[in-house]
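Working notes, beginning with the structure itself.
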Number of protein chains: 2
Amino acid sequence: MAQSPIRPTDDQARALARDLLANARHAALAVLHPDTGAPFVSRIALGLTPQGQPMTLISSLALHTRALRAAPGCSLLVGDPPAKGDPLAFPRLTVTATARFIDRATADHAALRDHYLASHPKSKLYADFADFSFVAFAPISAALNGGFGKAYDLTPDDLT
Amino acid sequence: MAQSPIRPTDDQARALARDLLANARHAALAVLHPDTGAPFVSRIALGLTPQGQPMTLISSLALHTRALRAAPGCSLLVGDPPAKGDPLAFPRLTVTATARFIDRATADHAALRDHYLASHPKSKLYADFADFSFVAFAPISAALNGGFGKAYDLTPDDLT
C-alpha cells in the first residue's frame, strides 16, 4: 500500500466537490491560533459568493476572526456525514484558502452582503452589527475524499 | 459588545463538553500542513481512550498522519449540528491537544486497541494493517460553544 492514494481528477470528482461546497451551511475552519501559532478549528456559517467562492459572516468576538486578521491562511472542511453509518465512508472536501475581509465601504461589500443574506435570511438580524464582518475565502487548492480510498487533489478552477 | 464573551465554567458546561466528546464518532482535525506550515483540516474517526481522552485510528497514507508525525500540536472539533436549523445554534467543542502515536510494541497499544475496537468493531478490518496507527490526543485546553453567546474556556480536567 505504498503507492499514491490520489486518483486523477475527473468530471465526477469536480461535480462532487462543487456539490459539497454548494450544499454546505457550515464548515470547520482551521486557523493558526493568534497567541500560540498552533492549529485551531471551530465552526463557522458558510455560504458562497456570486462567483462560487466560500464566504462567511463572523464576529470579532470569536477567536477565529482575530486569527484570520493576523494570518489569513486557513482551511475549510465541508460535507457532513449522516447520523448513521461510518462517517469516513461519506464524501468531504478540504479547501485550503486565503481569507479576505470585505471592507464595508466598498461596492463589493454590498454585493456579497446581499448575496449571502439571500441564502441566510436569519443573518439579517446581526449582519450589520459593527463587530460582524463578511469574509471571502480564495481557494488555493482542495482535497476531495469521496469515501475510503477515493482521494483527489483539486485546483481552484475545479471548484467553480 | 466589547466585554469578554467567555462565561464562568460550571458543571452544566463540563457535562455538555463531556457529552459532546463521548458521543462523537468523528472529528474535524486541524494540523499544520507538513510542507507549507498552513492550517489543514480533515475528518478523522474518533473514540475515547479508557481514560476518556480522544483517540483515533489513522492511515500513514493520509496527509494528517504525516502532519502529526512532523508537528503533534493539533485541534479537534466535535459536535454535529442536526440537518435542520441554524448550525451555529447547536453546541460544539474545540479541543486543543498534543497527538501521541501509540507504539505497537507496548502494553498501552493493546489496551487502547481493544478499547477502541469495542466501540468501532468495523475498524477491526484494517486496525492491524502496518500503515495504520492509533493516536491518542492529550488535551491542553478546550473551547466550548453551547450556541450563540454561550462560550466557555475549559481545562483538561473539565473534560474527564
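The values are calculated or read from the model by the stated rules, or taken from the named source; none is laboratory data. No experiment lies behind these values; they were computed from the predicted model shown. Heads up, the Cβs are rebuilt from the backbone with ideal geometry, glycines too, and the neighbour counts pull from every protein chain shown. These accessible areas exclude ligands, DNA and RNA; they are computed on the full protein's heavy atoms, side chains included. Shrake-Rupley method; radii C 1.70, N 1.55, O 1.52, S 1.80 Å.
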Q. Which condition breaks for A:ASP86 when tested against (1) touching a strand residue (DSSP E or B) at 6+ places or on another chain (Cβ under 9 Å); (2) farther than 14 Å from A:VAL135 by Cβ; (3) more than 9 Å from chain B (Cβ to nearest Cβ)?
A. (3)
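From the list B:LEU16, B:LEU88, B:LEU61, which residue is under 24 Å from A:ALA89 (Cβ atoms) and either of a type in the set (A, V, I, L, M, F, W, C) or open to solvent by 10 Å² or more (accessible area, probe 1.4 Å) (or both)?
Details: B:LEU16 fails: under 24 Å from A:ALA89 (Cβ atoms); B:LEU88 fails: under 24 Å from A:ALA89 (Cβ atoms).
The match here is B:LEU61.
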(Q) Which of the numbered conditions does A:ALA67 fail, given that it passes all the others? Conditions: (1) at the interface with another protein chain (Cβ under 10 Å from one of its Cβ atoms); (2) modelled with pLDDT of 95 or more; (3) in a helix (DSSP H, G or I); (4) over 24 Å from B:ASN145 (Cα atoms). (A) (4)
**Q.** Criterion (within 19 Å of the chain's Cα centre (by Cα), surrounded by 15 or more Cβ atoms within 10 Å (Cβ to Cβ) and either modelled with pLDDT under 95 or within 14 Å of chain B (Cβ to nearest Cβ) (or both)) met by exactly one of A:ASP80, A:ASP158
**A.** A:ASP80
Q. When the stretch A:116-150 is examined, which residues are found to be closer than 30 Å to B:HIS64 by Cα and open to solvent by less than 20 Å² (accessible area, probe 1.4 Å)?
A. A:PHE134, A:VAL135, A:ALA136, A:PHE137, A:ALA142, A:LEU144, A:GLY146, A:GLY147
Q. B:CYS74 versus (1) without any contact (Cβ under 8 Å) to a residue 60 or more places away in the chain; (2) within 10 Å of chain A (Cβ to nearest Cβ); (3) not acidic (Asp, Glu): which is the lone unmet condition?
A. (1)
Q.
Could you tell me how many of the residues in the stretch A:93-149 are out of contact with any Phe, Trp or Tyr (no Cβ under 8 Å at 6 or more places or on another chain), not in a strand (DSSP E or B) and not basic (Lys, Arg)?
A. 21
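What residue, among those in the stretch A:20-32 that are within 7 Å of another protein chain (Cβ to nearest Cβ) and open to solvent by 30 Å² or more (accessible area, probe 1.4 Å), is farthest from B:LEU68 (Cα to Cα)?
Our first condition is that a residue be within 7 Å of another protein chain (Cβ to nearest Cβ); within the stretch A:20-32, this holds for A:25-26, A:28, A:30-32.
Next cut, open to solvent by 30 Å² or more (accessible area, probe 1.4 Å) only: A:25, A:32.
Values: A:ARG25: 29, A:LEU32: 15 Å.
Among residues in the stretch A:20-32 that are within 7 Å of another protein chain (Cβ to nearest Cβ) and open to solvent by 30 Å² or more (accessible area, probe 1.4 Å), the one farthest from B:LEU68 (Cα to Cα) is A:ARG25.
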Q) Counting only residues that are under 13 Å from the mean Cα position of the chain (by Cα), of a type outside the set (D, E, K, R) and part of a loop (DSSP other than H, G, I, E, B), how many does the stretch B:1-41 have? A) 1
Q. Which condition breaks for A:ARG7 when tested against (1) open to solvent by 20 Å² or more (accessible area, probe 1.4 Å); (2) in contact with a strand residue (DSSP E or B) (Cβ under 6 Å, 6 or more places away or on another chain); (3) within 13 Å of another protein chain (Cβ to nearest Cβ); (4) farther than 19 Å from B:ALA62 by Cα?
A. (4)
Q) Counting only residues that are within 7 Å of chain A (Cβ to nearest Cβ) and more than 12 Å from the chain's Cα centre (by Cα), how many does the stretch B:42-62 have? A) 1
Q: Output the residues belonging to the stretch A:33-48 that are open to solvent by 10 Å² or more (accessible area, probe 1.4 Å) and either hydroxyl-bearing (Ser, Thr, Tyr) or farther than 27 Å from A:ASP108 by Cα (or both).
A: A:HIS33, A:PRO34, A:ASP35, A:THR36, A:GLY37, A:ALA38, A:PHE40, A:SER42
